[in-house]
Structures are given as structure tokens and as C-alpha cells.
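Only one structure is covered here, and it is reproduced in the block below.
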Amino acid sequence: MTAAQERLPRLLALVPYLLARPGIPIDEAATDFGVSAKQLRKDLELLWMCGLPGYGPGDLIDISFDEDTVTIAFDAGMRRPLRLTGAEATALLVALRALLDAPGVAEADAIRRAVAKIESAAGQARPGGVEVGLGVREAAETAKVREVVQSALRAVRALRISYYTASKDEVTERTVDPMRVLIVDGRGYLEAWCRRADGVRLFRLDRVDEVVVLDEPAAPPPYAEPTDTSEGLFRAAPDQRSARLVLRPDARWISEYYPVEDVEELDGGKLRVRMRYSDVSWLVRLVLGQGGEVVVEEPAELATAVREQAAAAVARLDRHLAAT
Amino acid sequence: MFGCGGCRGREQGRYGALVSVARAERLVNLVLCLLSTRQYLSAEKIRGIVPGYSDAPSDEAFFRTFERDKTELRELGIPLEVGRNKVVDTVDGYRIARRDYELGEIDLEPDEAAAVALAVRLWDSPELTGAAHGALLKLRAAGVDVDQAAPTVVESKVRTTEPAFGPLLAAVQAGQAVAFDYRRPSPAELRERTLEPWGVVSWRSRWYVVGHDRDRGAPRCFRLSRVVGEVRKLGKPGAVRRPDDVNLMAFVANTNTSAEPPQSSTALLWIAAGRGAGLRRRARVVGERSVDGIVGDLVELDLQYPDTAAGWIAGFGADVLVLEPEVLAKSVRERLLAAARGPL
């Protein structure tokens, strides 16, 4: 919507909003409406020109100001907001229902009560044809980790974690200052300041093998910025290399799971992609596990590493099978 | 400061003198006028009453403006009633029934309002973020206090980045059939699908459209990221009706979850010392052994999905050796052999 199209809904909502909050500071109202105080004053000036047919002194919306606060003295019959549209009711209700599915988000009971109240107030707004399931997979031990992490967040305490880093295939001990828990692609993550890495890191909760709440307070440095996950969890880094891979049909999922570039459709449902990686051993593990469904075209060293490691593993298996 | 009551009225010539009254102002006055009347007001009557319309230089210009204004009100969801006061009336009139216009009474407890704040923040989508904010605006106008800056214990975002999302949602809401090119990965196939869409569903951050597949004559779901190119509308809006007994979420979740129940089995593995951390954290060490002169551990590993496990284990290459069961050892060997062969 353009600014002009957003204005009318705001104008229609403003009078009942102010009616419910006599003497509200203009700044506060502006914040609630997501506009500047200057814009809100312009809106009020416009409303002040509107009213009921006759448009005489007693017919126009009357607004009284006191310093920086505002009160509606006459509402010209605009006492309630417009009902929710189907799209609005859907956006809110679908999101609320999705939250029911998220572990530890908010009290399920409060969500259900909110849904019931909004449904009844919204009346017969049409169902919107959108549904959302966060589909969080959480094993029992991961739920325990999450509960400990959330208790640390509430108590503002640092954590000692034992964490498995898949890209390096290693488990490390870290002291972290928890910032928030988030759900991305159906998985729970802890975002924290990692004192070992000296930066903000996202830790997959199902890869936290041990967690202990420390006595010391959580103190992320003031410049610790929350991670922007809008482009997904994997981010291109300057020190990353890139590989050119051909994915056969059974390995195409890789192009949907990891960010890839320069995607090129080939015959037989194959896909040529460019993929960034920081750790060679991680990419070798990925490619080996796909059993020939991923072919490395570049770099040559990577292709060689895959072939050699696969051959060495087969030789070891064959020696073992021959011996038994 | 503009608080002096009597200096704004029409009689002062304020409106009459102006060349044009701001469009937003005209629309607010139109809404107030139609809310306040019990009689249907004809367009001509509205023209004479509501400030701004008298500026129209001709009948044609007035009706054009009035039509546009009606459309805008309807797009906002304002229930504009059309009717005649008496049978003898020759033209339609307009009014807004207050009971259809006004949002019902609503009062949220603080924990309910906190849930609403969280729900609004769930969306990261041009189509849905705006709608959720619109709903929030109205709830606030109904007197509900929602603190959007309140910290939350868990955050999540639902994004709609697929280009097909907007057109498919619009088709679902309009009840209109669609056609699109769809790429199925395995077995690989790119072809046109014709669908009567029932709903768009996000499951684990992936969007699907569910509906009646006309080519297959059965319900199907399609992943939005695999839709290639434009979504084309077919037939008339309102032609598609979603069956009452269909559970969209369950349909998508079941389609994307293995139908076979997990078969738990235990594998015996050798892992070279200091290697295979990803396997070790899921395994129990039961002994030690040297393989090819390399020191390592014997571990037991509980597996639920043998096929996925074979790929996972094969990834560790020669650092891991599957001792039991034989079927897993063979499956891992097959993968490694294929990887060793390189490009065919």
C-alpha cells in the first residue's frame, strides 16, 4: 500500500483509539500507529475538519489538546474501529495458531484465549486459505536443553555449553552470553555472544550436548547485534571458497537446503550449482554421503579428495569383509 | 493549535472556497455521513452533502470520483449497503450499517495481548505483515493495549519469498483455478499442472499449495519453490470450493513425513581415535580395537532410519568402519564406491 492508501485506515482507527485513551501523549499514539508525531498531528488536523452532515460547530469531530496530549471531545459517531477484514483476521489468527505449535513460546492457554476472543470479535471474516505449521522437531533431550537455556535467559545468566560444530565435526566447550531463542526452519536455536569466538553465534539446540547455567550474569557486549536471518542461516563470508557441483536428481535437495548460486538445469533432471564452503572436510563429508549423486567439477583438489577418501574407505571395508 | 470550535464550519466558506478537499478528508466525511444515515442516500444526494464532491466540474467527473471512492471503501472492507428506500425510487442509494461496520467488543488480558504481539511479529511477508499490522491497529483502536517491544522468550519468522506465493494466495482467496509449470526433482520432470487450489500451507518454513489436481483427479500438494515461471489463472473466480473435510496442514505434513514408522536397530561401528565426533556424540563406546594398525573405539549406535544413516556414516569415509549389521555395511560401501568412481 502507498502512504496515501495507508492513511485512510489510520484515520478511521484514530478516533476510537483516542476515545479509549483520553489524554494520551501524542508521541505515544504516534508510536502505536507507526508514524511520526508530525504525521499524527497532520492526521488530527484533517480529522478536525471532518464530521457529520451540517458540518457546523456541533457536528465536527472535536479534539482538545493539552500540552502534548490529546483527547477526543466529540467523536461524530466514530466510536468503534472498522471490523477486521478476512485478510487481517487470517494473518493474525494463523500466526497465533502457529505459535501453539512452537515449544516454549508463550502459554498455550493464553494463545487459545486470544484466538477465541479475536474470532468472536471478528465475526464472520472469511477463512483465508493460509495455514502455518512451524513443525518443530524436538527430541526429549533437546527440550531439556531449551528449558535450561530459557531459564538462563529469564535469569540473565551466562551458560557453559558443550557444542557440536558440524562444519568442523568437533565438540567444543564454550562460555556464552545468551541473547534469545529462535526457531528457524523447524529447529530451535540459541543466539548468544560466544566468548570463545568473540562474536554472536547461533547454536542449534539439538547440537548442544551439555548445558550448565553459570552464576555469573549474561553480559553480551553492547555492540552484539542480533543475527539477521531473513536470508536464511547460511551467509557468504569473505574467506569462503566455492565449488562447482553437479547434483543428480536424488541430490537436488541440497540446492533447496543450502544456498547455491549460478543454478543451471542440465539434462536428466541434473542441476549444476555453485556452492560456498568454509571447511573442506565438511563438503567432503556431504559429497561422500551422497554416494555419487553429487559430482564435483571444481575445484580439482576437492574432486580428488572425495575420490581418494572414498577409495580408501572402500578398501578398508573390503579388507574387513575379506577378513571375516 | 487548532482547538477553537467554531471556526472550521462550512458556513465560513472554508470548504466552498477550496478548489479541492483532500481525498482522505472526503472519504472520512463520506464514511461518517453513511454511518449516520438510516435512509439510503442516492449519489446525487451525497454529492450535495459531503464536502468535496461539489468541486466536480461535471456530472461525469463526479460519478467517476464517486465510483473510485466506493471501490476504495470496499477494498478496506467497509460494508457499503446498496438499496432503495421506497419501491418508487428510481436510483439506488447507499448507507453503512453500523453493526456490520464496527468491530465487536474485545478485551484482552495482558498475556493474551503478549501472544498477539508475538503473532504479529511472526510474519515477514509483504502480503501478511501488512494485514497483521492492520489487525493490530484495529485492536488498539478497540482499546486493547499491545506492547510490541515486549521481549519474547522464543522468536520465529515466517517468510514468503517465493514469487508464486502472492498469486497462489490470491487464487485461493478468489476461489479460482490455476495452471503453472512445476519441476519435480526425482524422477526429474518439468510439466504444467492444473490445480483447483484450496490453501497455501507453510510447513517447517517451506510453502506448499494444496488442492485438487485436475490432471491426476486427486488432491495433491506442490512446493512453491518448485513452481517455474508465472502462475496463470483459469476460469472464473468463485468456481473453486474447498471441501469441508480436508485438513490442509495434516495433508502437507503427512505427504512430507515418511509413511513408514522408524525401524530402530543398533549398529556396531569402529571409529578411529579422535575422529567422527558427530557419530560419537550419538554412540556408546563398548570397546577398543585397531583396524589397519589404527587405534580406535568400538561403538554402538542406535539408528532409526537406516537409509539416511548410511549417507551420514559414509560421509566419515575411512575414519569409520561398519561392522554390523551387514546390510548397513553394504549400503555404506555402495555409496562410497559410487563416490570413488567419480564422474561417469
(message) Which one, B:Ala174, B:Leu103, B:Phe316, is farthest towards the positive end of the dipole of chain B when Lys and Arg carry +1 and Asp and Glu -1 on their Cβ?
(response) B:Ala174
(request) Might you report the magnitude of the Cβ-based charge dipole of region A:241-321 about its Cα centre, with Lys and Arg at +1 and Asp and Glu at -1, to the nearest 20 debye? (result) 280 debye
(request) From other protein chains only, count the Cβ atoms within 10 Å of every residue's Cβ in B:203-210, then give the mean. (result) 4
(request) Answer rounded, prolate or oblate for region B:110-159, using the Cα gyration tensor with square roots of eigenvalues a ≥ b ≥ c: rounded when a/c is under 1.5, else prolate when a/b is larger than b/c, else oblate. (result) oblate
(message) For a bin width of 20 Å, list the pair-distance distribution of chain B built from all Cα-Cα distances, rounded to whole %.
(response) 19, 34, 29, 11, 6, 0
(request) Calculate the dipole size of region B:165-255 relative to its Cα centre from +1 charges on Lys and Arg beta carbons and -1 charges on Asp and Glu beta carbons; express the result in debye to the nearest 20. (result) 160 debye
(request) Over every pair of different alpha-carbon atoms in region A:247-321, take the mean of 1/r and invert it; report that Kirkwood radius in Å. (result) 13.3 Å
(message) I'd like to know which of A:Ser151, A:Ala312, A:Gly186 lies farthest towards the positive end of the charge dipole of chain A, counting +1 on Cβ of Lys and Arg and -1 on Cβ of Asp and Glu.
(response) A:Ala312
(request) Note the per residue figure in Å³ for the convex hull of the C-alpha positions in the protein assembly as shown. (result) 200 Å³
(request) Tell me the GluC sites (Glu not before Pro) within region A:70-141 that lie in a loop according to DSSP and have at most 13 other beta-carbon atoms within 10 Å. (result) A:Glu107
(request) Could you work out the Kirkwood radius for region B:188-247, taking every pair of different alpha carbons, averaging 1/r and inverting it, reported in Å? (result) 12.6 Å
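Mean projection of the alpha-carbon convex hull of chain A over all orientations, in nm²? Before the final figure, lay out each step's value.
Details: hull surface 105.9 nm².
Taking the Cα atoms of chain A, their convex hull projects to 26.5 nm² on average.
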(message) Need the list of lysines near A:Lys38 for cross-linking: C-alpha distance under 23 angstrom, and skip anything on the same chain fewer than eight residues off.
(response) B:Lys138
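Let's see if you can work this out: charge +1 on each Lys and Arg Cβ, -1 on each Asp and Glu Cβ, no other charges. What is the dipole magnitude of chain B about its Cα centre, in debye to the nearest 20?
Value, rounded to 20: 820 debye.
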(request) Would you mind calculating the relative contact order of region A:241-321 from Cα pairs under 8 angstrom and at least 6 residues apart, reporting the percent as a whole number? (result) 34 percent
(request) Tell me what chain B gives for mean residue ellipticity at 222 nm when only DSSP H runs of n ≥ 4 count, each as -39,500 (n - 2.57), the sum divided by the residue total, rounded to 500 deg cm²/dmol. (result) -10500 deg cm²/dmol
(request) Just tell me how shielded B:327-337 is by partners: mean number of partner chain Cβ atoms within 10 Å of each residue's Cβ, no decimals. (result) 5
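Please give me, ordered by residue number, the chymotrypsin sites (Phe, Trp or Tyr not before Pro) of region A:146-250 that lie in loop per DSSP and have at most 10 other Cβ atoms within 10 Å.
A:Tyr223
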(message) As I understand it, the value is the acute angle between the Cα axis of helix B:110-122 and the longest principal axis of the Cα atoms of chain B; what does it come to in degrees, rounded to 10?
(response) 70 degrees
(message) Tell me which of B:Ala253, B:Pro79, B:Val291 sits at the most positive position along the dipole axis of the protein assembly as shown, charges placed on C-beta atoms (Lys, Arg +1; Asp, Glu -1).
(response) B:Pro79
(request) Considering the convex hull of the alpha carbon atoms of region A:159-244, report its projected area averaged over all viewing directions, in nm², one decimal. (result) 6.7 nm²
(message) I want the antiparallel fraction of DSSP beta bridges within the protein assembly as shown, as a percent rounded to 5.
(response) 90 percent
(message) If you filter region B:265-340 for trypsin sites (Lys or Arg not before Pro), then keep DSSP loop positions with at most 15 other Cβ within 10 Å, what is left?
(response) B:Arg281, B:Arg282
(request) In a Gaussian network model over chain B where Cα atoms closer than 10 Å are linked, find which of B:Ala114, B:Ala277, B:Ala177 has the largest mean-square fluctuation. (result) B:Ala277
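In nm², what is the average projected area of the convex hull enclosing the Cα atoms of region B:118-244?
On the way: hull surface 39.7 nm².
The directionally averaged projection comes out at 9.9 nm².
Read the figures in this text as sums done on the coordinates, not as results from a lab. No experiment lies behind these values; they were computed from the predicted model shown. Backbone-built Cβ (ideal geometry, glycine too); neighbour counts: all protein chains shown.
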